[in-house]
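Read through the structure below, which is laid out as structure tokens, and then see the notes.
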Amino acid sequence: MHPDELNALQRGGADDPEDLETLGSDAFRVLGHRNRKPEGMRKGTGREIYTDDLALPGMLHAKLLRSPHPHARIVSLDAQHTTQMPGVHEVITGADMPTPYGIIPWTRDEHALALDRVRYIGDALACVAAIDEDTASAAIESIDVEYDILPFYLEPEQALTDEAAAVPIHDPKRAGRNGNITKKVELEFGPVDDLMKASDVIVEGDYYFHGTTHAPIEPHCAIGNVDADGLLTVWSSTQVPHYLQRELARVLELDVARVRVVQPAVGGAFGGKSEPFDLEFCVALLALRTGRPVKLLYTREELFYSHRGRHPMNMWYRVGASRDGKLRAVDARSLLDGGAYASFGLVTTYYSGQLLTAPYELESYRFDSTRVYTNKPPCGPKRGHGSVQPRFAFEVSLDKVAAELEMDPIELRRRNFMGTGRTVNEFRVQSNGFLECLDAVERASEWKSKHGKLPYGRGVGVAGSCYISGTNYPIYPNEMPQAAVQVQIERSGRVSVLHGASEIGQGSDATMAAIAAEELGVPLGYVRVLSADTDLVPVDLGAYSSRETLMVGNACVHACRQVADRVRESVAGALRIPADRVRLAGGWAFDTDAPSDGDRRLPIAAAFQLAEAQHGTLGALGHYNTPKDGVHGEYRGGTIGASPAYSFTAHVAEVEVDSETGFVEVKTIWVAHDCGRALNPMLVEGQMEGSAYMGFAEAIMEQQIMKRGDPEAGLHDAPSLLDYRIPTSLDCPEFVALIVEAADPEGPYGAKEAGEGPLHPSLPAIANAIWDAVGVRMDSLPFTPDRVWRALRGHEAHGSGN
């Protein structure tokens, strides 16, 4: 390059760096700092656009006709009068979409609209498109349906009886077994019976985890539209655009390439929008039929009935330990109430046992889990999918072991720390900061001066957990990458990041922007992020199982480094230095040996221009796929629960229990979480506090209850935010977030998940704190005043016990 051209580039476009010596160091300039989210101002000022904010010209509105019965055969459905009503444009029924669907390919047992049978109150069987919502609502009321009422089963124990097998919820030819069992898993690792007999201490107990739902602020909403070329576009508040695109094409018998799914901003999901729902199929078909855009927005009540929330579980646990506190044997049985359809249930059944084997070293372990269909809204994945319930039972059991041994509960957990290596069920763990988590909560909570030493009614409890950073295998089998990112460089210095990750509030867009800014040396404000539009971005599998930071983050690093290498090569040539001495940081490209030398640096835009002149338009595609060798065992089911990396968490909760009323006030929850590396500490702390909040809410207040007695059997007891109790800010304890960083070789910069793992220990830590406060074991959730009061009175009547 001619010296005059180089001088012109060196003078142009950038401010003087504020600290050139710092730029020359290896310290992160963007990552590791408390950066705000790209969408933060839009959300904070009410300018964000959600699905229901969209209004297309000529748009129709749809409503669903839902079953009033928990179980019935559809004898006839007559919508002839409905189609003739003024303002009604189209009516569709199950016969219009006979292909079953489901997020798990092996358990597709649901139809967009019920074909011949409804299986819970709220099951949809017809849909109407009309000029407005009021007309559509009136129209569905005019549809005449004749039902043949069938026996219904609201408890899993009922569904397992011989009488239930005579009239099963699903066809045994499709569902297998007796038609009421989704999945049964029995796995054993090591000689459980022998080691249990050899144990010095054995504790045994029955535990119950109630059902809860997600309660996002934004209900489900979808819009379907067909353009002049016949391309179907569906806007949806989904968190899995790619899987939704695939199922829409399959059920509607369309070419996948002719289906586009766009995810606008999502107002909360927590797992509740991680599979296709009836409304998305309906707006798509109605748009195809009418040639006009069609919107369908769930009411709050419909959201409660659509559900997919936490499975109720009946659990039995037996734990054996030696006198020195080493865990010798764990034996578990779980009965899962799955509701009317499979959803993620196959995976949930495995997760209820497979994800329990860390952070502790277990000498032997056995679990037997059965998921059963019932005539209630379907259960699915809620934050901490499948493992929150067993973690509650296990961590309370560990507290009981500690009490029997007269050992500090934190010390018991320390003695059983597994470190890195293999779990008893053969999952590979390459990083583990659990000991540091225990140390952090012990120190911050002043545990040693409180446990067993506070006045009656006050107590502290501890619990730990482990969670996955994404699933090692995609939901449908394939060898393709699980995540991909496209990075585009514009000669002004702007960087565009296109990725398929679903931003649902957890900060995936912010994380990708920060990675791009760090790797390419541009100010964070120069980065634009476009995500979750199947026509414009590479394939990503969605926001579930805490996979985005690790998988999409790795793909983003891969793409950015390809571009950065070209930029460094061009700058090195212009400055006549080796490429490994060129650093991109703080809006500059400079020589690390002389960062303050004005002749040895270029504004980043000038560096991009040099590289574009040499290499052509700058851009790259990055991708990530999970490791397959040595990650899990080779037994049947060994892949389910396997992950590239695992996070670890410890909580201490402090409570005050009013022995007269049973009211439990949670004062403080200290949350220590090993996230590998905190790419944005503010986001990590937010996820930790939000997770702990949700666990606290499920422990103290939340209940997804169906009425039992006739004539209301199967109706939701509280299908509104007025009646379904969730804590407000006035009800919350203080949450203290303590970040622990045990970098994992599989994560980008060592990062692991932080969005689900910090939920698990809240519930057992509160239960164990109640024991410390008043000497009563709460083995059934939730810990509402009436339940705690009854437990206290029973304790008084029968004497103390563990």
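The values are calculated or read from the model by the stated rules, or taken from the named source; none is laboratory data. Since we're looking at a predicted model, the values are computed, not measured. So basically every Cβ, Gly included, is an ideal-geometry build from the backbone, and we count neighbours across all protein chains shown. Only protein heavy atoms, including side chains, enter the accessible area calculation; ligands, DNA and RNA are left aside. Shrake-Rupley method; radii C 1.70, N 1.55, O 1.52, S 1.80 Å.
Quick notes on this one:
- Protein heavy-atom surface of segment 353-503, 1.4 angstrom probe: 46% of the accessible area is carbon and sulfur, with nucleic acids and ligands not counted.
- Cα pair distances in segment 122-245, grouped into 10 Å bins until the bin that holds the longest one, percent each: 8, 18, 24, 28, 13, 6, 4, 0
- Euclidean distance between Cα centres, segment 416-464 to segment 68-83, Å: 55 Å
- FRET E, pair Gln158, Asn478, Förster distance 45 Å, beta-carbon r, rounded to 0.05: 0.70
- In segment 274-351, the portion of solvent-accessible area held by carbon and sulfur atoms comes to 47 percent [1.4 Å probe, whole percent, DNA, RNA and ligands not counted].
- Contour excess over end-to-end distance, with Cα ends at Arg300 and Asp78 and 0.36 nm allotted per residue: 77.2 nm
- For segment 615-665, the average shadow cast by the Cα convex hull is 10.2 nm², which is a quarter of the hull's surface.
- With the convex hull drawn around the C-alpha atoms of segment 73-178, the volume per residue stands at 124 Å³.
- For segment 281-440, fraction of C-alpha pairs farther apart than 21 Å, in %: 57 percent
- The alpha carbon convex hull volume per residue for segment 528-681 rounds to 244 Å³.
- Computed [θ] at 222 nm, deg cm²/dmol, the chain (DSSP H ≥ 4; -39,500 (n - 2.57); rounded to nearest 500): -8500 deg cm²/dmol
- Full-stretch length increase - Asp193, Trp789 - with 0.36 nm per residue and alpha-carbon distance subtracted: 210.8 nm
- Percent of Cα-Cα distances greater than 20 Å, calculated over segment 411-501: 64 percent
- For segment 177-289, the C-alpha radius of gyration sits at 1.69 times the compact-globule guess of 2.2 N^0.38 Å, with N the residue count.
- Between the beta carbons of Ile577 and Glu490, assuming R0 = 30 Å, the FRET efficiency works out to 0.70 to the nearest 0.05.
- Cα convex hull of segment 519-619, projected area averaged across orientations, nm²: 7.5 nm²
- Net charge of Cβ neighbours under 15 Å - reference Gly58; Lys, Arg +1; Asp, Glu -1: 0
- Among complete DSSP H helices in the chain, those whose alpha-carbon atoms stretch at least 30 Å along the helix's long axis and whose mean Kyte-Doolittle hydropathy reaches 0.0 are 553-575.
- Rolling a 1.4 Å probe across the protein heavy atoms gives the chain an accessible surface of 36 Å² per residue.
- Segment 345-482: radius of gyration and largest Cα-Cα distance (Dmax), Å: 17.7, 59
- Rounded to the nearest 0.05, the FRET efficiency derived from the C-beta distance between Ser780 and Ser729 at R0 = 30 Å is 0.60.
- Summed side-chain charge close to Gly205 - residues other than Gly205 whose Cβ falls under 14 Å, Lys, Arg +1, Asp, Glu -1: -3
- Restricting the calculation to Cα atoms, the chain shows an Rg/Rh of 1.00 when the hydrodynamic-style radius is the Kirkwood one.
- The three principal axes of the C-alpha atoms in segment 645-738 carry coordinate ranges of 54, 35, 22 Å, sorted with the longest axis first.
- Accessible carbon and sulfur surface of segment 588-645 relative to its total accessible area, %, 1.4 Å: 46 percent
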